[in-house]
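*Asks:* My structure is below; once you've seen it, I'll send some questions.
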Amino acid sequence: MTFIKKLLVLMLIIYVSPTFAQVNISAFNYQGELIDTGTPANGEYDFLFTAFDAPVNGSQVSVFSANNIQVSNGLFAIPQVDFSLTEIVNNEELWMTIEIKKSSDPVSSFETLEENQKLQTVPYATMAHFASEASFAVHASWANEATSLIINGSSTNDILAYDGNSWVPQNNPWHHQGNVLSTADSSTPYQISFGDTAPNSNVEFTVKSDETGILSQFIGGDGLYNEYIENGLAKGYIGSVQDGTITGTTTDDFELGTSGFNQTGNVHLTINAIPRLTVRNNGSVGIGNSEPTGRLQVGSNALFVSNGNKVGVGTPIPTAKFQVNSASNQSEALTVKIDNQTKLKVHSNGGVAIGKDTTPPTEGLYVHGDIKQNSASNGMLKYMARVRCLDTGSSVTSFHNGVNNGSITVNDLGTAGSCAVNFPTDINQRYWQITAVSANGNHNANCHTVFANNQFICQRTLSGSFNNGDIMILVY
């Protein structure tokens, strides 16, 4: 089998006695990821650590074994690898070889995992800079005996970076004071980048990720928001400030806009840096218009809702509750369609067409279909009927109801040429016209109300005698 170590982390813990007479290595942590025959290892493994005093042909100094170490999905941790050595007091260097086998395998099956790895610690790299009587702080209980710790000319706030041979001081871009952590003063700004080694030089903060899902989160309690300040002035915020004190808001709301410190600025939704949706500080909303003058304005004149709740189409100054303005070169000022079929058209000639897409008469009305009117109103025909009045078997030949959807019926009166005609509504106060249908024009007819306000008693005569036949009735 083949073992591959993907990650190795070493942490040395150094203890120094108060007399500074000697420095002892106590232990270090060893952790990483183990690949066994191409897949993450699982199970119990034995580790064997051997310390040498030279990288090649060195003498064995100490051995430490860690048995039955649990490895899960390739991950393992050995918290206490302890060689129990004191050679560090003389700044002697050590190298380590690591061998590994499955706990269930015989001792002879150990394989080398890491060979001649140099053990490095900060005290190793700095020991040469101190005399045996040097006084420096390595533990809080000895702070009263400490004076300084200077490495390769380091100064206050410097950080140390290991260049492969020694620890080199570098300027620390971070400044910490109280609860504030900053990078630098405004005159020498730093760039901060996560995941991008070559961020845009004009961008101070960059986060780059090739992963999907959540890139960043802001987690807090009620009233959490991000505020944007420009030249010392608050411009706006994103977050949740509302607490329900303003009508129509709750603590569950999410906002994007200006704060109470910016009472003159507007909010814009832009595309290609051009405002496409604008909310002005007075509450006016503009779509395709960054300077709306009404409550809502789309484009220049496409749609306008005034502060007086008037709606204008094609006009920025509607004088009626709903006003449509059309240019003279547009044949249709207003069209209403149902299922993509024109049912109402206001033409540029001033005419109106109802029920059909056609050109109405100039300043006139075209109606495709029947017209109905309340029976008590004037101006339109209420009923048209052709009835056949007989001594028996009277009937309605045809009729039109211009009031509602009711039917016109007829009853026999037992006399030739006589019948009772019944209407769906009261006709007593209406106007009517009665005509006898006659081939030679010698017949007469008349109708009148007697028994009910919605009924005609009609008679058809010829030379003064009742005569069977048809009667035409028009009610206005």
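*Asks:* Mind checking which residues of region 402-414 are touching a strand residue (DSSP E or B) at 6+ places or on another chain (Cβ under 8 Å) and modelled with pLDDT under 95?
*Replies:* In the first step, residues of region 402-414 are kept if they are touching a strand residue (DSSP E or B) at 6+ places or on another chain (Cβ under 8 Å); the result is 402-403, 407-413.
Within region 402-414, G402, V403 meet the criteria.
*Asks:* Going through V387, V421, V396 one at a time, which residue ends up being buried (at least 20 other Cβ atoms within 10 Å of the Cβ), among the aliphatic types (A, V, I, L, M) and without any contact (Cβ under 8 Å) to a residue 60 or more places away in the chain?
*Replies:* Answer to the check: V421.
*Asks:* How many residues does region 451-465 contain that are of a type in the set (A, V, I, L, M, F, W, C), over 16 Å from V387 (Cα atoms) and either surrounded by 11 or more Cβ atoms within 10 Å (Cβ to Cβ) or modelled with pLDDT of 95 or more (or both)?
*Replies:* So the first thing to find is which residues in region 451-465 are of a type in the set (A, V, I, L, M, F, W, C), and the list is 451-452, 456-458, 462.
When the remaining residues are screened for being over 16 Å from V387 (Cα atoms), the result is 451-452, 462.
Checking which are either surrounded by 11 or more Cβ atoms within 10 Å (Cβ to Cβ) or modelled with pLDDT of 95 or more (or both) leaves us with 452, 462.
So the count comes out to 2.
*Asks:* State which residue is modelled with the lowest pLDDT when the search covers only region 147-192 and only residues that are aliphatic (A, V, I, L, M) and surrounded by fewer than 12 Cβ atoms within 10 Å (Cβ to Cβ).
*Replies:* First pass over region 147-192, keeping only residues aliphatic (A, V, I, L, M): 149-151, 159-161, 168, 180-181, 184, 192.
Now narrow it down to the ones that are surrounded by fewer than 12 Cβ atoms within 10 Å (Cβ to Cβ): 161, 180-181.
On the way: A161: 79, V180: 74, L181: 71.
So, considering only residues that are aliphatic (A, V, I, L, M) and surrounded by fewer than 12 Cβ atoms within 10 Å (Cβ to Cβ), the one modelled with the lowest pLDDT is L181.
*Asks:* Kindly provide the set of residues from region 25-80 that are modelled with pLDDT under 90 and within 14 Å of S103 (Cα to Cα), ordered by number.
*Replies:* Of everything in region 25-80, just one residue is modelled with pLDDT under 90 and within 14 Å of S103 (Cα to Cα), namely D36.
*Asks:* Quick one: count up the residues across region 207-235 that are touching a Phe, Trp or Tyr at 6+ places or on another chain (Cβ under 8 Å), under 24 Å from H268 (Cα atoms) and not in a loop (DSSP other than H, G, I, E, B).
*Replies:* 7
*Asks:* On the basis of being assigned to a loop (DSSP other than H, G, I, E, B) and in contact with a Leu (Cβ under 8 Å, 6 or more places away or on another chain), does L344 make the cut? Show your work before the answer.
*Replies:* On the way: assigned to a loop (DSSP other than H, G, I, E, B): no; in contact with a Leu (Cβ under 8 Å, 6 or more places away or on another chain): yes.
So L344 fails the test.
*Asks:* Would you say L181 is outside any loop (DSSP other than H, G, I, E, B) and either under 30 Å from R280 (Cα atoms) or touching a His at 6+ places or on another chain (Cβ under 8 Å) (or both)?
*Replies:* Values: outside any loop (DSSP other than H, G, I, E, B): yes; either under 30 Å from R280 (Cα atoms) or touching a His at 6+ places or on another chain (Cβ under 8 Å) (or both): yes.
Here the answer is yes, as L181 does meet what is asked.
*Asks:* Residue by residue through region 429-450, note down the ones that are polar (S, T, N, Q), farther than 19 Å from V396 by Cα and surrounded by 11 or more Cβ atoms within 10 Å (Cβ to Cβ).
*Replies:* Matches in region 429-450: N442 only.
*Asks:* Taking the stated definitions as given, is A385 among the small types (G, A, S), in contact with a His (Cβ under 8 Å, 6 or more places away or on another chain), at pLDDT 90 or above and under 22 Å from M472 (Cβ atoms)? I'd like the intermediate steps shown before the answer.
*Replies:* On the way: among the small types (G, A, S): yes; in contact with a His (Cβ under 8 Å, 6 or more places away or on another chain): yes; at pLDDT 90 or above: yes; under 22 Å from M472 (Cβ atoms): yes.
So A385 passes the test.
*Asks:* Pull out all pairs, ordered by first then second residue, where Cβ-Cβ is under 9 Å, the residues are six or more apart or on different chains, the first lies in region 311-325 and is at positive phi, and the second is surrounded by 13 or more Cβ atoms within 10 Å (Cβ to Cβ) and in a loop (DSSP other than H, G, I, E, B).
*Replies:* From region 311-325, the pairs are G314/N301; G314/A302; G314/N325; G314/S326.
*Asks:* May I pose another question? Since I238 meets every condition but one in (1) modelled with pLDDT of 85 or more; (2) touching a Leu at 6+ places or on another chain (Cβ under 7 Å); (3) in a loop (DSSP other than H, G, I, E, B), which condition does it not meet?
*Replies:* Only one criterion in (1) modelled with pLDDT of 85 or more; (2) touching a Leu at 6+ places or on another chain (Cβ under 7 Å); (3) in a loop (DSSP other than H, G, I, E, B) is unmet by I238, namely (3).
*Asks:* On to the next question. Tell me whether region 233-245 contains one or more residues that are out of contact with any strand residue (DSSP E or B) (no Cβ under 8 Å at 6 or more places or on another chain), exposed (fewer than 12 other Cβ atoms within 10 Å of the Cβ) and within 18 Å of R280 (Cβ to Cβ).
*Replies:* Kept after step one, since they are out of contact with any strand residue (DSSP E or B) (no Cβ under 8 Å at 6 or more places or on another chain), are these residues of region 233-245: 233, 243-245.
With exposed (fewer than 12 other Cβ atoms within 10 Å of the Cβ) added as a condition, the list becomes 233, 244-245.
Next, only the ones that are within 18 Å of R280 (Cβ to Cβ) stay: none.
Scanning region 233-245, I find no residue that is out of contact with any strand residue (DSSP E or B) (no Cβ under 8 Å at 6 or more places or on another chain), exposed (fewer than 12 other Cβ atoms within 10 Å of the Cβ) and within 18 Å of R280 (Cβ to Cβ), so the answer is no.
*Asks:* Going residue by residue through region 248-256, is there one that turns out to be in contact with a strand residue (DSSP E or B) (Cβ under 7 Å, 6 or more places away or on another chain) and outside the structural domain of L334 (by TED's automatic domain parsing)? Steps first, please.
*Replies:* At the first step, the residues of region 248-256 found to be in contact with a strand residue (DSSP E or B) (Cβ under 7 Å, 6 or more places away or on another chain) are 255-256.
From what's left, outside the structural domain of L334 (by TED's automatic domain parsing): 255-256.
For region 248-256, residues in contact with a strand residue (DSSP E or B) (Cβ under 7 Å, 6 or more places away or on another chain) and outside the structural domain of L334 (by TED's automatic domain parsing): present.
*Asks:* Condition test on I98, is it out of contact with any Ser or Thr (no Cβ under 7 Å at 6 or more places or on another chain), modelled with pLDDT of 90 or more and either surrounded by 15 or more Cβ atoms within 10 Å (Cβ to Cβ) or outside the structural domain of T37 (by TED's automatic domain parsing) (or both)?
*Replies:* Details: out of contact with any Ser or Thr (no Cβ under 7 Å at 6 or more places or on another chain): yes; modelled with pLDDT of 90 or more: yes; either surrounded by 15 or more Cβ atoms within 10 Å (Cβ to Cβ) or outside the structural domain of T37 (by TED's automatic domain parsing) (or both): yes.
Yes, satisfied.
*Asks:* Let me ask another. Here is a check on your reading of the model: is N374 within 27 Å of G351 (Cα to Cα) and among the polar types (S, T, N, Q)?
*Replies:* Values: within 27 Å of G351 (Cα to Cα): yes; among the polar types (S, T, N, Q): yes.
When the stated conditions are applied, N374 passes them.
*Asks:* Condition first: closer than 21 Å to D470 by Cβ and surrounded by 15 or more Cβ atoms within 10 Å (Cβ to Cβ). Now tell me which residues in region 403-418 satisfy that. Show your work before the answer.
*Replies:* Residues of region 403-418 closer than 21 Å to D470 by Cβ: 407-418.
Those that are closer than 21 Å to D470 by Cβ and surrounded by 15 or more Cβ atoms within 10 Å (Cβ to Cβ): I408, T409, V410, D412, L413, A416, G417, S418.
*Asks:* Okay, next question. Go through region 387-424 and give me each residue that's assigned to a loop (DSSP other than H, G, I, E, B) and either within 60 Å of the chain's Cα centre (by Cα) or within 22 Å of S375 (Cα to Cα) (or both).
*Replies:* G402, V403, N404, N405, G406, S407, I408, F423, P424
*Asks:* Could we say that D357 is assigned to a loop (DSSP other than H, G, I, E, B), within 22 Å of V313 (Cβ to Cβ) and without any contact (Cβ under 8 Å) to a residue 60 or more places away in the chain here?
*Replies:* Working: assigned to a loop (DSSP other than H, G, I, E, B): yes; within 22 Å of V313 (Cβ to Cβ): yes; without any contact (Cβ under 8 Å) to a residue 60 or more places away in the chain: yes.
It is true that D357 is assigned to a loop (DSSP other than H, G, I, E, B), within 22 Å of V313 (Cβ to Cβ) and without any contact (Cβ under 8 Å) to a residue 60 or more places away in the chain.
The values are calculated or read from the model by the stated rules, or taken from the named source; none is laboratory data. Fair warning: this is a prediction, and the values are worked out from it, not measured in the lab. Every residue, glycine among them, receives a Cβ derived from its backbone with ideal geometry; neighbour counts consider all protein chains shown.
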